[in-house]
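Peer 1: Can you keep this structure in mind? I'll have questions shortly.
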Amino acid sequence: MENKIKKALVTGGAGFIGTHLVNRLILDGAQVSVIDNFSTGKRKNINPLANYWEQDISTINTEQLADYIKNTDVIFHMAARPSVQYSIDYPIESNQENVNGTLNVLVAAQKANVKKVIFSSTSAVYGEPETFPIQETDKINPMSPYALQKYIGEQYCRLFKNDIQTVCLRYFNVYGEGMNNEGAYRSVISVFTEQKKNNKPLTITNDGDQTRDFVYVEDVVRANILASTNTLIKSQGEAYNIGSGNNISVNKIADLFGGKKKYGEKRIEPKMCLSDISKAKENLGWEPRKDIQKWISELKLG
């Protein structure tokens, strides 16, 4: 069973996934508020039908935030510094944004009597699993400050179980329109798209045989909405894998784009990634609809 979202808050609502969620909520008739400090979110992503508050959730006054979110049905907490390398280079700053920010949101939600928080987590909490596909019950083994900070966020969600219904969505490799196209640690899909448009060789790390589980951004949006509206879910920090349930090698992705390849860069990274999404299918009524091979074939690359 589902109910309709009337009023929602999206933290990080000017970011890649947040922007898609804000737009979908508005199309569905919800009143949407957004908090974003625009450190990574883009002002060009602002939807004029949403109410934006430029603020840093990691330093925000929780009383002010509670007043801002009163009468809100659900908070989609997406604001974060989603960079493994940044968390390695700046662990204190990253912790402030990713851990303190989450705690502030939960404290404010408690004060404002908001009953539901959907937390954007990451498959990075698993580290390098020994068996595949990865299940939610598998060992947690964060291998970067970012992954650890997201897992701490999950644990905070579970600690607030007496006051707030929380759901933790562990995203795998999210792709789609509006992906980050800046910086050294972009998605391989973003890198290949730019290189193909500019008639440059596709740069492949290691041997290219490493596999990834790519999930489309609009499918991720739908997972968030289903997690927030399914009245049968009585979650207390329950975690769900949000992936495609399929994996594909970087070499295969490059073949789909077409053109020359360039090997050479070496990087320590997981060799394989594959999600088990049966829990999300059964409990949330969710499954992905977009296939990455079809999406690439539909790209207009000039």
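Peer 1: In the stretch 194-210, how many residues are surrounded by fewer than 20 Cβ atoms within 10 Å (Cβ to Cβ) and β-branched (V, I, T)?
Peer 2: Number of matching residues: 2.
Peer 1: Among the residues of the stretch 256-274, how many are of a type outside the set (K, R) and surrounded by 14 or more Cβ atoms within 10 Å (Cβ to Cβ)?
Peer 2: Number of matching residues: 8.
Peer 1: Please verify whether the stretch 263-274 includes one or more residues that are at negative phi, within 17 Å of the chain's Cα centre (by Cα), in a loop (DSSP other than H, G, I, E, B) and touching a residue at least 60 places away in the same chain (Cβ under 8 Å).
Peer 2: Pass one, the stretch 263-274, residues at negative phi: 263, 265-274.
From what is left, the residues that are within 17 Å of the chain's Cα centre (by Cα) are 273-274.
Filter once more, keeping what is in a loop (DSSP other than H, G, I, E, B): 273-274.
With touching a residue at least 60 places away in the same chain (Cβ under 8 Å) added as a condition, the list becomes 273-274.
The answer is yes, given that some residue of the stretch 263-274 is at negative phi, within 17 Å of the chain's Cα centre (by Cα), in a loop (DSSP other than H, G, I, E, B) and touching a residue at least 60 places away in the same chain (Cβ under 8 Å).
Peer 1: Could you please find all residues in the stretch 204-219 being over 14 Å from the mean Cα position of the chain (by Cα) and over 17 Å from N241 (Cβ atoms)?
Peer 2: Pass one, the stretch 204-219, residues over 14 Å from the mean Cα position of the chain (by Cα): 204-212.
I204, T205, N206, D207, G208, D209, Q210 - these are the residues of the stretch 204-219 that are over 14 Å from the mean Cα position of the chain (by Cα) and over 17 Å from N241 (Cβ atoms).
Peer 1: Just the residues that are at positive phi and at pLDDT below 95, please, taken from the stretch 230-257.
Peer 2: Here is the first cut: in the stretch 230-257, the residues at positive phi are 237, 245.
If the condition is that a residue be at positive phi and at pLDDT below 95, then G237 is the only one that fits.
One line per residue, one yes/no per condition, for (1) out of contact with any Ser or Thr (no Cβ under 7 Å at 6 or more places or on another chain); (2) under 20 Å from L226 (Cα atoms):
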position: I26; (1), (2): yes, yes
position: V34; (1), (2): yes, yes
position: P48; (1), (2): yes, no
position: S58; (1), (2): yes, no
position: Q64; (1), (2): yes, no
position: V84; (1), (2): no, no
position: N98; (1), (2): yes, no
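Peer 1: Could you list, in sequence order, all residues of the stretch 130-157 that are touching a strand residue (DSSP E or B) at 6+ places or on another chain (Cβ under 8 Å) and either part of a loop (DSSP other than H, G, I, E, B) or exposed (fewer than 15 other Cβ atoms within 10 Å of the Cβ) (or both)?
Peer 2: Those that are touching a strand residue (DSSP E or B) at 6+ places or on another chain (Cβ under 8 Å) and either part of a loop (DSSP other than H, G, I, E, B) or exposed (fewer than 15 other Cβ atoms within 10 Å of the Cβ) (or both): P133, Q135, E136, Q155.
Peer 1: A further question on this structure: Of everything in the stretch 30-63, what is more than 22 Å from the chain's Cα centre (by Cα) and either among the aromatic types (F, W, Y) or within 20 Å of K115 (Cβ to Cβ) (or both)? Give them in sequence order.
Peer 2: T62, E63
Peer 1: Can you tell me which of V250, V220, V188 is in contact (Cβ under 8 Å) with a residue 40 or more places away in the chain, aliphatic (A, V, I, L, M) and closer than 14 Å to L169 by Cα? Walk me through how you get there before you give the answer.
Peer 2: Numbers: V250 fails: closer than 14 Å to L169 by Cα; V188 fails: closer than 14 Å to L169 by Cα.
The unique qualifying residue is V220.
Peer 1: For the stretch 173-182, check the following and say yes or no: at least one residue is part of a helix (DSSP H, G or I) and either surrounded by fewer than 16 Cβ atoms within 10 Å (Cβ to Cβ) or not basic (K, R) (or both).
Peer 2: The initial filter retains those residues of the stretch 173-182 that are part of a helix (DSSP H, G or I), namely none.
No.
Peer 1: Which of the residues belonging to the stretch 275-302 are in a helix (DSSP H, G or I), surrounded by 16 or more Cβ atoms within 10 Å (Cβ to Cβ) and touching a helix residue (DSSP H, G or I) at 6+ places or on another chain (Cβ under 7 Å)? Step through it out loud before you land on a result.
Peer 2: Just the residues of the stretch 275-302 that are in a helix (DSSP H, G or I), to begin with: 278-284, 292-297.
Pick out the ones that are also surrounded by 16 or more Cβ atoms within 10 Å (Cβ to Cβ) and you get 279-280, 283-284, 292, 295-296.
Once the filter is applied, which keeps residues that are in a helix (DSSP H, G or I), surrounded by 16 or more Cβ atoms within 10 Å (Cβ to Cβ) and touching a helix residue (DSSP H, G or I) at 6+ places or on another chain (Cβ under 7 Å), the stretch 275-302 yields A280, L284, I296.
The values are calculated or read from the model by the stated rules, or taken from the named source; none is laboratory data. As the structure is a computational prediction, the values presented were derived from the model and not from experiment. We place every Cβ from the backbone using ideal geometry, glycine too, and count neighbours over all the protein chains shown.
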